[in-house]
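See below for the structure under consideration.
Please treat every number below as a calculation from the coordinates, not as lab data. Please read these numbers as outputs of a predicted model, since none were measured by experiment. Glycine gets a Cβ as well: all are built from the backbone with ideal geometry, and neighbour counts include every protein chain shown.
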Amino acid sequence: MRATMSDLVAAVRSALSTVQDPDLKKDLVTLNMIRDLTVTDGGAKFTLVLTTGACPVKKELEDQCRAAALSVAGVTRADITVTAEVPKGQNVADSLPGVRHIIGVGSGKGGVGKSTVTVNIACALAKAGAKVGLLDADIYGPSIPTMMGISRQPYVINKKMIPLEAHGVKMISMGFLLDERQPVIWRGPMIVSALRQMITDVTWGDLDYLLVDLPPGTGDIQLTLAQSVPLAGAVVVSTPQAVALADVRRSIAMFDKVNVKLFGIVENMSEFVCPRCGHIEPIFGTGGAEREAHELQVAFLGRVPLEPAVRISGDDGTPVVLSHPTSRSAAAFRGIAEQVARAASMAALVPAK
Ligand SMILES: Nc1ncnc2c1ncn2[C@@H]1O[C@H](COP(=O)(O)OP(=O)(O)O)[C@@H](O)[C@H]1O
Ligand SMILES: [Mg+2]
């Protein structure tokens with residue numbers, strides 16, 4: 001007896017229900033990640049809807065789906081379209097209906113590469129197809145416009161600022177409110193109200209991820225800022241030295257205090273890659289942040305080498321993931337962006353224990 005079309009569709013669906021999402025620990029059919037399944041002349045066709053375009057296991061899931069579909073007798077081809085629908089975080093602001101996740105990037109001290117990490121995560125996520133916004137909230141050293149190659153000021157329409165756009169990322173900086181020649185002597189309440197304005201009085205539109213470059217440190221200002229934005233989670237950047245690591249502990253404690261989920265730690269400037277001979281020298285030591293993450297039982301998101309291209313690209317306004325996509329640091333940043341996207345999806349879909 002020949003299998004009918006609907007038998008084949010049911011058989012393929014059943015085969016696909018053996019493929020599990022490794023994070024969500026459920027099968028793809030139950031998770032509604034398989035859509036528009038048809039079988040015509042031995043060809044199975046369907047859409048695999050991931051929870052992020054920057055999914056670290058995109059390829060594996062696609063391969064497993066293909067193998068599952070082809071395991072069904074009578075199916076000889078599998079035509080898979082991979083897309084992503086980023087789930088909405090559990091802590092999103094009512095005032096920002098189009099924004100799915102707001103993610104803070106902090107560091108215990110300045111100069112560890114917090115802004116560099118933020119712009120590269122943003123550009124990597126945008127490259128992977130996500131809608132991304134970038135909010136430069138570092139009042140002490142707003143450097144995001146330079147790193148993104150933006151020197152214009154935003155327009156205001158209907159009392160709302162229109163974000164500037166570069167490399168497919170929407171951007172607003174608290175620096176726009178500052179006079180570059182004046183020292184920053186803002187008082188806490190002023191800063192908080194300026195930050196709230198940057199969140200609510202900006203036409204952000206639809207965003208999968210809004211990344212916030214927070215000011216370095218763990219003082220009152222930082223604490224209040226971290227508290228005044230509905231963060232889905234936070235990323236802490238550190239260099240491997242012990243001093244920087246003591247600051248990491250303080251950063252983690254700060255996010256904990258304001259009940260912000262820590263997505264994990266990034267180790268920046270882990271090792272120097274000599275551009276002439278390729279020799280790798282761990283100038284600041286290596287593995288410190290990873291050990292620390294392990295000890296504190298928080299996720300380690302990845303390590304970024306110290307490479308001249310990272311700094312040059314930052315100064316030039318085109319982050320290294322775009323200007324030198326094949327470099328070691330670009331690969332590291334892509335991996336970190338995937339881990340951040342994964343953590344956001346997990347936080348949205350897996351209830352906290
Ligand atoms: N991995 C890296 N390799 C080379 N230079 C880096 C790296 N990370 C950051 N830098 C450079 O170090 C300086 C400080 O980085 P920045 O992102 O501005 O730090 P922060 O925001 O923490 O103050 C910048 O000049 C930046 O280009
Ligand atoms: Mg900075």
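Could you check the spin-label model distance between L24 and D36? Points 7 Å from the Cα along Cα→Cβ, value in nm.
Result: 1.8 nm between the two label points.
Nearest 20 debye, what's the magnitude of the dipole of segment 5-84 about its Cα centre given +1 on Lys and Arg Cβ and -1 on Asp and Glu Cβ?
My answer is approximately 60 debye.
Within straight cross-link reach of K88, meaning Cα distance under 15 Å, which aspartates and glutamates are found once same-chain residues fewer than 8 apart are removed?
Answer for K88, where 15 Å is the Cα cut-off: D206, D208, listed by chain and number.
Choose one of S173, N158, I139: the residue whose Cα lies farthest towards the positive end of the charge dipole of segment 122-232 (beta-carbon charges +1 Lys, Arg; -1 Asp, Glu; about the Cα centre).
Going by the Cα projections, it comes out as N158.
Going by C-beta contacts inside 10 Å, put R152, R334, R291 in order with the fewest on the left.
If I rank by nearby Cβ atoms, fewest first, I get R152, R291, R334.
For segment 247-285, run through the trypsin sites (Lys or Arg not before Pro) and keep only the ones in DSSP coil with at most 11 other Cβ atoms within 10 Å of their Cβ.
The qualifying sites are R276.
Could you check the spin-label model distance between V57 and Y140? Points 7 Å from the Cα along Cα→Cβ, value in nm.
The modelled label-to-label distance comes out at 3.9 nm.
Among V9, L262, G205, whose Cα lies farthest out toward the positive end of the dipole of the chain, if unit charges sit on the beta carbon of Lys, Arg (+1) and Asp, Glu (-1)?
Working it through, the farthest residue towards the positive pole turns out to be V9.
Separation between the S17 and T224 pseudo-spin-labels, each 7 Å from Cα along Cα→Cβ, expressed in nm?
Output for this residue pair reads 5.5 nm.
Near M147, within a Cβ-to-Cβ distance under 14 Å, what is the net charge of the other residues, with Lys and Arg +1 and Asp and Glu -1?
Net charge around M147: -3.
Looking at segment 1-104, which trypsin sites (Lys or Arg not before Pro) are DSSP coil and have at most 10 other C-beta atoms within 10 Å of their C-beta?
Listed in order of number, the matching sites are R2, K25.
Please get the size of the charge dipole for the chain, origin at its Cα centre, with Cβ charges of +1 on Lys and Arg and -1 on Asp and Glu, quoted in debye to the nearest 20.
Charge dipole of the chain: 360 debye, to the nearest 20.
Quote the FRET efficiency, to the nearest 0.05, computed for V350 versus T76 with a Förster distance R0 of 41 Å and r equal to the Cβ-Cβ distance.
Efficiency at R0 = 41 Å is approximately 0.65.
In whole Hz, with x marking every Gly and Pro, tabulate ³J(HN,Hα) for segment 264-277 from phi via Karplus 6.51 cos²θ - 1.76 cosθ + 1.60, θ = phi - 60°.
So the Karplus estimates, Gly and Pro as x, are x, 10, 10, 9, 9, 6, 5, 7, 9, 9, 5, x, 7, 10 Hz.
Beyond 25 Å between alpha-carbons counts as too far, so tell me which of K58/K127; K160/K257; K109/K160; K59/K170; K25/K127 fall in that bin.
K160/K257; K109/K160; K59/K170; K25/K127
Add +1 for every Lys or Arg and -1 for every Asp or Glu among the other residues with Cβ under 14 Å from the Cβ of G113, and state the total.
In short, -3.
If you put +1 on each Lys and Arg Cβ and -1 on each Asp and Glu Cβ, how big is the dipole of segment 301-353 around its Cα centre, in Debye rounded to 20?
300
Which angle between 0 and 90 degrees, to the nearest 10, do you get for helix 188-200 versus the longest principal axis of the chain when only C-alpha atoms count?
With both axes taken from Cα atoms, the answer is about 30 degrees.
Rounded to the nearest 500, what is the 222 nm mean residue ellipticity of the chain from helices alone, with -39500 (n - 2.57) per DSSP H run of 4+ residues and division by all residues?
One gets -11000 deg cm²/dmol as the mean residue ellipticity at 222 nm.
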